[in-house]
Amino acid sequence: MKILCCNVRRNMPEDDESGNGWDSRKELCAEIIRAQRADVICVQECWNAQFKDLRSRLPEFDSFGLANPGAEFNPSNAIFFARKRCELVSAGGFWLSETPHIAGTASWDSARPRFVNWVHLRDRDSGREFRVWNGHLDHIGQIARERQAGLIVQASEVLPEDLPQLFTADMNADAANPAIEVTKAGGWLDTYAAVHGPDDPGFTFHKFLGPGFARKRTTGKIDFIFYRGPVRTLDAGIIRDGRDGRYPSDHYFISAEVRLGQGS
């Protein structure tokens, strides 16, 4: 089974000015995602118009996503899953705050409300059930990042040990950050490290600059696909595809191929 983690960058007016607005890159974004032939696609920063555009370009996928309260439904951490491969059993989520079941809440030093959603799926080929979590930790508050990671750990560790689980996220933290240590200490393992070893492969956030961002690099890989339970990682990669110097987002997308029901 192949899973993607894709921060698609919400549509911002300043991006239009630089030629990186959503209307200029939505076809490229969908093209690169589709080329991966994934079974599960987890996105972050997916605002309503972007969600609609991706959904129309991924007609063979069903989807689920929560949204912060507001005039517009923005399922920013939506999860797409291939209808032919995956059957939805249940879905839900919560806010990464001290009041996780009150929509739109934020705590600690979080700059904005953050949440995680999940889908509980059944693999139509094997009949095996598994759960996929998708989140986006705060970009400002370090205490918030650690506490938010801890909430996801707490929610996942009460599930049966023999249930395969996958957790995708823009962690806004690289491997050296304590938020990653909280996640790993809670039983989650990084699919990329499982294949390539513990060395940081370099940045995934690149400000639409691609390799040119190397001159401005401040952090390593901040986008992750973690796993816990009986999951074996077969492959993992960073998708650096672009066209004519343009990229589908200000993040590289990442992928993992896993086998459910087998330990690493």
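The values are calculated or read from the model by the stated rules, or taken from the named source; none is laboratory data. Keep in mind it's a predicted model, so treat the numbers as computed, not measured. Cβ: placed from backbone, ideal geometry, glycine included. Neighbour counts: every protein chain shown.
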Taking segment 40-92 and keeping residues aliphatic (A, V, I, L, M), closer than 18 Å to residue 136 by Cβ and either surrounded by 22 or more Cβ atoms within 10 Å (Cβ to Cβ) or in contact with a strand residue (DSSP E or B) (Cβ under 6 Å, 6 or more places away or on another chain) (or both) leaves 40, 41, 43, 54, 66, 78, 79, 91
Which of the following residues is at pLDDT 95 or above and touching a Phe, Trp or Tyr at 6+ places or on another chain (Cβ under 9 Å): 194, 179?
194
For segment 224-264, what are the residues that are among the polar types (S, T, N, Q), out of contact with any Gly (no Cβ under 9 Å at 6 or more places or on another chain) and at pLDDT 95 or above?
233, 249
Show the residue pairs that are 6+ apart or on different chains and have beta-carbon atoms under 9 Å apart, the first residue being within segment 45-66 and closer than 15 Å to residue 249 by Cβ, the second being of a type in the set (Lys, Arg) and buried (at least 21 other Cβ atoms within 10 Å of the Cβ).
45/9; 50/9
So, restricting to helices (runs of 4 or more DSSP H) that lie completely within segment 1-112, which ones have at least 2 residues that are at pLDDT 95 or above, within 30 Å of residue 128 (Cβ to Cβ) and in contact with a Phe, Trp or Tyr (Cβ under 8 Å, 6 or more places away or on another chain)?
22-35, 48-57
Taking segment 136-178, which residues are of a type in the set (D, E, K, R) and in contact with a helix residue (DSSP H, G or I) (Cβ under 8 Å, 6 or more places away or on another chain)?
138, 145, 146, 174
Only one of (1) crowded, with 17+ Cβ neighbours inside 10 Å; (2) at pLDDT 95 or above is not met by residue 158, so which one is it?
(1)
Which of the residues spanning segment 138-147 are crowded, with 24+ Cβ neighbours inside 10 Å and closer than 19 Å to residue 157 by Cα?
145
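Filter segment 211-247 for residues that are among the polar types (S, T, N, Q) and more than 19 Å from residue 44 (Cβ to Cβ); which is surrounded by the most Cβ atoms within 10 Å (Cβ to Cβ)? Don't jump to the end; show me each part of the working.
First, pick out the residues of segment 211-247 that are among the polar types (S, T, N, Q): 218-219, 233.
So of that shortlist, the ones also more than 19 Å from residue 44 (Cβ to Cβ) come out as 218, 233.
Details: 218: 8, 233: 21.
Per the stated criteria, the residue is 233.
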Quick check: anything in segment 107-116 touching a residue at least 12 places away in the same chain (Cβ under 8 Å), β-branched (Val, Ile, Thr) and surrounded by fewer than 19 Cβ atoms within 10 Å (Cβ to Cβ)?
no
All-but-one check, residue 135 against (1) farther than 23 Å from residue 41 by Cβ; (2) small (Gly, Ala, Ser); (3) under 18 Å from the mean Cα position of the chain (by Cα), failing number (1)
